[in-house]
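Comments concern the structure below.
The values are calculated or read from the model by the stated rules, or taken from the named source; none is laboratory data. Keep in mind it's a predicted model, so treat the numbers as computed, not measured. Note that each Cβ is placed from the backbone with ideal geometry, even for glycine, and that neighbours are counted across all protein chains shown. Just the protein is used for accessible areas: all its heavy atoms, side chains included, with ligands, DNA and RNA removed. Shrake-Rupley method; radii C 1.70, N 1.55, O 1.52, S 1.80 Å.
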Amino acid sequence: MNPEAQQEARQAERQAVERLERAVRAAENALIEYEIAVETFRVEVDNFSRLHEQRLGPLYNRIEELDVLIAEAVAARTGDPEDLRRAQAARATFLPMPAVEELYQGWMDANGLPPEATAMLTGQRVKPPERVRPSERARRLYRELVRAAHPDLAQEDAERERREDFMTRVNKAYADGDEDLLAELAEEWAAGPPDPGEREAVRSEELYARLEWLARRKEMLAEVAAGLESSAIGSMLKLARDDPDGLLEEIAEGLRARIAEKEARLAELVGPDGRAGQPGPAGPADSGWTG
């Protein structure tokens with residue numbers, strides 16, 4: 001092959017490698033955007049689950065308690081053996097919601113552990129989330145940090161490890177909805193060592209291997225996203241993408257209406273003197289309900 005033909009062949013090879021590099025960079029950016037979307041949805045599902053239990057758990061518990069009290073009032077009024085059996089079965093399965101957390105003002109949970117210890121054992125935050133979706137500012141800061149500091153953008157092991165440690169802190173701050181900490185992390189990253197320069201040309205085989213890894217990573221994230229979306233909480237969250245906190249309040253209103261109906265029914269059964277034959281083991285006055 002003459003020198004001119006060899007030069008043309010090398011030029012064609014370089015152009016092919018450059019096209020492949022552009023494809024890899026595009027795939028990396030697309031994967032990062034997808035990871036941001038999946039992580040954001042995971043945080044929303046986690047927050048929605050916690051707030052669902054925090055805000056609606058006492059209401060569901062009150063409904064169960066009223067069902068027990070109504071069953072006991074019916075049994076006390078009728079004296080029917082079958083009604084008595086139902087009341088006893090209902091009482092046996094009812095577990096009043098512990099009020100330990102409220103009594104200790106959040107310093108201890110229902111298992112007797114301080115929240116810091118629970119967080120260490122479970123990997124969960126100390127304070128419950130205030131809302132389902134992180135604020136707009138938190139989401140903006142998170143996206144900017146992920147785009148700048150994502151470990152997959154590193155070319156050396158030491159840099160990848162630094163980015164992974166940093167992103168662990170970023171993900172924790174985002175899950176907690178801590179805007180101030182995210183802003184501090186953004187300043188920290190901006191003041192840190194600069195990103196590595198443009199990487200040297202790499203072999204086509206390496207780039208193809210990179211594309212294959214990115215594709216596998218995307219498939220794994222797709223499975224995670226599908227699992228989140230198919231979960232009970234994820235399905236509920238998809239019903240109110242624009243206002244998930246409003247959905248919780250809407251459900252709470254429905255539960256409060258059911259509670260009012262059941263309380264009215266119980267009042268009819270026990271009468272003005274608050275008794276219906278022999279009272280059950282626990283009545284409305286000593287049920288522990290404060291809602």
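Can you find a residue that is of a type in the set (Ser, Thr, Tyr) and without any contact (Cβ under 8 Å) to a residue 60 or more places away in the chain anywhere in segment 40-47?
Our first condition is that a residue be of a type in the set (Ser, Thr, Tyr); within segment 40-47, this holds for 40.
Those still in the list that are without any contact (Cβ under 8 Å) to a residue 60 or more places away in the chain too: none.
Within segment 40-47 (the criterion being of a type in the set (Ser, Thr, Tyr) and without any contact (Cβ under 8 Å) to a residue 60 or more places away in the chain), the answer is no, since none of the residues qualifies.
Cβ contacts < 9 Å: first residue within 10 Å of residue 45 (Cβ to Cβ) and open to solvent by less than 70 Å² (accessible area, probe 1.4 Å), restricted to segment 220-239; second residue among the β-branched types (Val, Ile, Thr) and outside any helix (DSSP H, G or I), any location; separation 6+ or different chain. Result?
Going by the 9 Å Cβ cut-off, the qualifying pairs are 237/132.
In segment 27-44, which residues are within 13 Å of residue 215 (Cβ to Cβ) and of a type in the set (Gly, Ala, Ser)? Talk me through it step by step, then tell me what you get.
First, the residues of segment 27-44 that are within 13 Å of residue 215 (Cβ to Cβ): 27-28, 30-31, 34.
Residues satisfying the conditions are 27, 30.
Just checking, how many residues over segment 11-25 are under 41 Å from the mean Cα position of the chain (by Cα) and open to solvent by 60 Å² or more (accessible area, probe 1.4 Å)?
Residues meeting the conditions: 4.
Hey, could you check segment 135-177 for residues that are part of a loop (DSSP other than H, G, I, E, B) and at pLDDT below 85 and say which is surrounded by the most Cβ atoms within 10 Å (Cβ to Cβ)?
So in segment 135-177, the residues part of a loop (DSSP other than H, G, I, E, B) come out as 135, 150, 154-156, 176-177.
So of that shortlist, the ones also at pLDDT below 85 come out as 154-156, 176-177.
Values: 154: 17, 155: 13, 156: 10, 176: 19, 177: 21.
Restricting to residues being part of a loop (DSSP other than H, G, I, E, B) and at pLDDT below 85, the top hit is 177.
Here are the criteria: (1) modelled with pLDDT under 85; (2) open to solvent by 80 Å² or more (accessible area, probe 1.4 Å). Tell me which single one residue 86 does not satisfy.
The number of the failed condition is (1).
Restricting the search to segment 45-80, which residues are open to solvent by 40 Å² or more (accessible area, probe 1.4 Å), assigned to a helix (DSSP H, G or I), charged (D, E, K, R) and within 21 Å of residue 269 (Cα to Cα)?
Passing the criteria: 64, 67, 77.
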